[in-house]
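The values are calculated or read from the model by the stated rules, or taken from the named source; none is laboratory data. What you are looking at is a predicted structure, and each value in this text was computed from that prediction instead of being measured. Counting neighbours? That spans all protein chains shown, and the Cβs are built from the backbone with ideal geometry, glycine included. The accessibility values were calculated without ligands, DNA or RNA, using every heavy atom of the protein model including side chains. Shrake-Rupley method; radii C 1.70, N 1.55, O 1.52, S 1.80 Å.
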Amino acid sequence: PVQTDGADEPAGVGVLVVKDGKILCGTRTAEGTICGPGGHIETGETPEEAAIRETQEEFGITPRELIPITALTGMPDEYCDSQVFLCTDFDGTISCDGNEMTKAGFLTAEKAAELIEENPDRLFLPFALSVTSLLELLQEPSPEAP
């Protein structure tokens, strides 16, 4: 497990929940930007535990599997370095908490890419960077078989 007490370790997590090729998101009540589940890692939590807790708190679902896909570093001061996970299987019914997040829905990868390019301020920066990383991973050619 990743420790969170070192200076180079992530202080936050993000979870890209993907179902039927679409990315789960909601509207952050704080500033109205589009975002997926995520938040700060609490003392004593692993990034995986924080990812599960944040997904449960904000969207009412429990990830069954978390796949680490990227780390966001060098962010502006108002954000923290974060470990980003991919989740393609979860338990529960999606329902926003109404405190941090409202209006749960799914964005196609194409719509997410379009928003990032044409209206980046509509998305919460760490979410936009996470989606960009995922889309880049999906576009990488698979290694040639020997």
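Solvent-accessible area per residue in segment 1-120 equals 53 Å², computed with a 1.4 angstrom probe and all protein chains kept. Assuming charge only on the beta carbon of Lys and Arg (+1) and of Asp and Glu (-1), the dipole of segment 2-101 about its Cα centre is about 480 debye to the nearest 20.
If you count only protein heavy atoms and use a 1.4 Å probe, how large is the accessible surface of V18, to the nearest 10 Å²? Here the accessible area works out near 30 Å². Backbone amide hydrogens, once placed in the peptide plane, bring E100 within less than 5 Å of nothing, excluding anything fewer than 5 places away on its chain. Surface composition of segment 72-141: carbon and sulfur atoms hold 47% of the protein heavy-atom accessible area at a 1.4 Å probe. The peptide list 26-37, 98-109, put in order of mean Cβ contacts within 10 Å with the highest first, becomes 26-37, 98-109. Take F127: with every protein chain present and a 1.4 Å probe, its accessible area is about 10 Å².
Mind running the shape call on segment 61-107? Use the C-alpha gyration tensor, a ≥ b ≥ c as the square roots of the eigenvalues: rounded below 1.5 for a/c, prolate if a/b tops b/c, oblate otherwise. Here segment 61-107 falls in the oblate category. Estimated from helical segments only, the mean residue ellipticity of the chain at 222 nm is -8000 deg cm²/dmol, where each DSSP H run of four or more residues counts as -39500 (n - 2.57). In terms of packing, defined here as the mean over residues of other Cβ atoms within 10 angstrom, the peptides 86-92, 53-59 line up highest first as 53-59, 86-92.
For I41, the amide hydrogen comes within under 5 Å of the amide hydrogens of G12, V13, counting only partners 5 or more places away or on other chains and with H modelled in the peptide plane.
For segment 6-146, what is the percent of antiparallel DSSP beta bridges, rounded to the nearest 5?
Taking every DSSP beta bridge within segment 6-146, about 75 percent pair in antiparallel fashion.
Quick one: grab the alpha carbon gyration tensor of the chain, order the square roots of its eigenvalues as a ≥ b ≥ c, and give me rounded if a/c is under 1.5, else prolate or oblate depending on whether a/b is larger than b/c. Because its axes are fairly even, with a/c under 1.5, the chain counts as rounded.
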